[in-house]
Amino acid sequence: MRYAIYFAPPADDRLSQTAARWLGRDAFIDAALSWPEVPGLGHDDQIALTADPRRYGFHGTLKAPFELAQGKSEADLLAAFDELAAEIDPFEVPRIVLHEIGPFFALVSAEDCVPLRNLAEQAVRRFEPFRAPLSDTDIARRNPEKLTQRQREYLTTWGYPYVFEEFQFHLTLTGPVPAETRSVMRETLSAAFDAFIGKPLDVSTVALFVEPHRGAPFTVHSLLPLGGASQRKIA
């Protein structure tokens, strides 16, 4: 089993529901959803191009997936998760936009957001003691030959190359999109997420996702409000 600390809006949030319909899966209930008809993008193409983010569920990575370190239990992890949520105040990302990260499309913060960066750093540091070392296969999966020297060092030290100053918050909406399809994909996503693009993003919850076994869909184990007493919502 692997765990991950993610940002995710509540299950009944409009953004969560819109993203679940787009991806064809709701990670809160691990349920497949029917895709709406999308002009200009074939049904089979939409299924294929959303396969990766569909498995992971709609989220923004704070602490990348990890197996538990020897001597650590899920109960220990949940206690630390409670502490993180209680000690960090909710905040707002001023504006999110649709962005291409290489061949992927995602919603990202339009400007650097210090509270968001701080939340990610806290998650990386606090949960590092719970992370088992990466296997050689896990490291190879990150294509270290394509990373910068600093990113390779972060991968080795923290289990993820995009931490601290390398961190870029993103809510992934697609897998790799071929160059010839990107224009249509941008138009499609701009229409599907029009109600959120250019608007603030409320960051008032943090989620613990689980992957029961390698390759299985990630699901929301629990969702906590930031800045208050523990009120875990079990998925």
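The values are calculated or read from the model by the stated rules, or taken from the named source; none is laboratory data. Note that the coordinates shown come from a computational prediction; the quantities given were computed from them, not determined experimentally. With ideal geometry, Cβ positions are generated from the backbone for all residues, glycine too; neighbour counts draw on all protein chains shown. Accessible surface is based on the protein model in full, side chains and every heavy atom, while ligands, DNA and RNA are left aside. Shrake-Rupley method; radii C 1.70, N 1.55, O 1.52, S 1.80 Å.
Scanning the stretch 207-235 for residues that are closer than 18 Å to Phe7 by Cβ, in a loop (DSSP other than H, G, I, E, B) and either of a type in the set (Asp, Glu) or at pLDDT below 95 (or both) gives Gly227, Gly228, Ser230, Gln231, Arg232, Ala235.
Remark: pairs (first residue in the stretch 31-43, at pLDDT below 75; second residue assigned to a loop (DSSP other than H, G, I, E, B); Cβ separation under 6 Å; 6+ apart in sequence or on different chains) = Trp35/Gly24.
Only one of Ala27, Ala20 is at pLDDT 90 or above, open to solvent by less than 40 Å² (accessible area, probe 1.4 Å) and closer than 17 Å to Thr205 by Cα. Can you tell me which?
None of the other options fit; the residue is Ala27.
Being in contact (Cβ under 8 Å) with a residue 60 or more places away in the chain, open to solvent by 70 Å² or more (accessible area, probe 1.4 Å) and under 20 Å from Glu165 (Cα atoms) is a description that does not apply to Pro115.
Please pick out the residue among Phe81, Phe105, Phe127, Phe91 that is aromatic (Phe, Trp, Tyr) and either out of contact with any strand residue (DSSP E or B) (no Cβ under 9 Å at 6 or more places or on another chain) or more than 22 Å from Leu223 (Cα to Cα) (or both). Of the residues listed, the single one that is aromatic (Phe, Trp, Tyr) and either out of contact with any strand residue (DSSP E or B) (no Cβ under 9 Å at 6 or more places or on another chain) or more than 22 Å from Leu223 (Cα to Cα) (or both) is Phe105.
So for the stretch 18-28 (the condition being more than 21 Å from Arg214 (Cα to Cα), in contact (Cβ under 8 Å) with a residue 60 or more places away in the chain and part of a loop (DSSP other than H, G, I, E, B)), does at least one residue qualify? So far as the stretch 18-28 goes, no, none of its residues is more than 21 Å from Arg214 (Cα to Cα), in contact (Cβ under 8 Å) with a residue 60 or more places away in the chain and part of a loop (DSSP other than H, G, I, E, B). Criterion applied to Ile47, Ile101 was being touching a residue at least 40 places away in the same chain (Cβ under 8 Å) and either polar (S, T, N, Q) or open to solvent by 40 Å² or more (accessible area, probe 1.4 Å) (or both), and the one residue passing it is Ile101. When the stretch 169-186 is limited to residues that are of a type outside the set (A, V, I, L, M, F, W, C) and surrounded by 16 or more Cβ atoms within 10 Å (Cβ to Cβ), the one that is modelled with the lowest pLDDT turns out to be Thr181.
Just a yes or no: is a residue in the stretch 51-60 among the basic types (Lys, Arg), buried (at least 20 other Cβ atoms within 10 Å of the Cβ) and within 22 Å of Phe193 (Cα to Cα)? Checked against the condition, which is being among the basic types (Lys, Arg), buried (at least 20 other Cβ atoms within 10 Å of the Cβ) and within 22 Å of Phe193 (Cα to Cα), the stretch 51-60 yields at least one hit. Scanning for something free of Cβ contacts under 8 Å to residues at least 24 places away in the same chain and among the aromatic types (Phe, Trp, Tyr), does the stretch 145-155 turn up at least one residue? Among the residues of the stretch 145-155, at least one is free of Cβ contacts under 8 Å to residues at least 24 places away in the same chain and among the aromatic types (Phe, Trp, Tyr), which makes the answer yes. Against the conditions (1) open to solvent by 70 Å² or more (accessible area, probe 1.4 Å); (2) part of a helix (DSSP H, G or I), Leu155 satisfies every one except (1). Contact map, the stretch 160-189: first residue within 22 Å of Tyr3 (Cα to Cα), second residue among the acidic types (Asp, Glu) and part of a helix (DSSP H, G or I), Cβ cut-off under 7 Å, separation 6 or more or different chains; pairs are Phe164/Glu121; Gly175/Asp52.
Among the residues of the stretch 168-186, those identified as touching a Ser or Thr at 6+ places or on another chain (Cβ under 9 Å) and in a loop (DSSP other than H, G, I, E, B) are Gln168, Phe169, Leu173, Thr174, Gly175. Please go through the stretch 187-206 and pick out each residue that is open to solvent by 50 Å² or more (accessible area, probe 1.4 Å), outside any strand (DSSP E or B) and either within 20 Å of Leu23 (Cα to Cα) or charged (D, E, K, R) (or both). Glu187, Ala191, Asp194, Lys199 - these are the residues of the stretch 187-206 that are open to solvent by 50 Å² or more (accessible area, probe 1.4 Å), outside any strand (DSSP E or B) and either within 20 Å of Leu23 (Cα to Cα) or charged (D, E, K, R) (or both).
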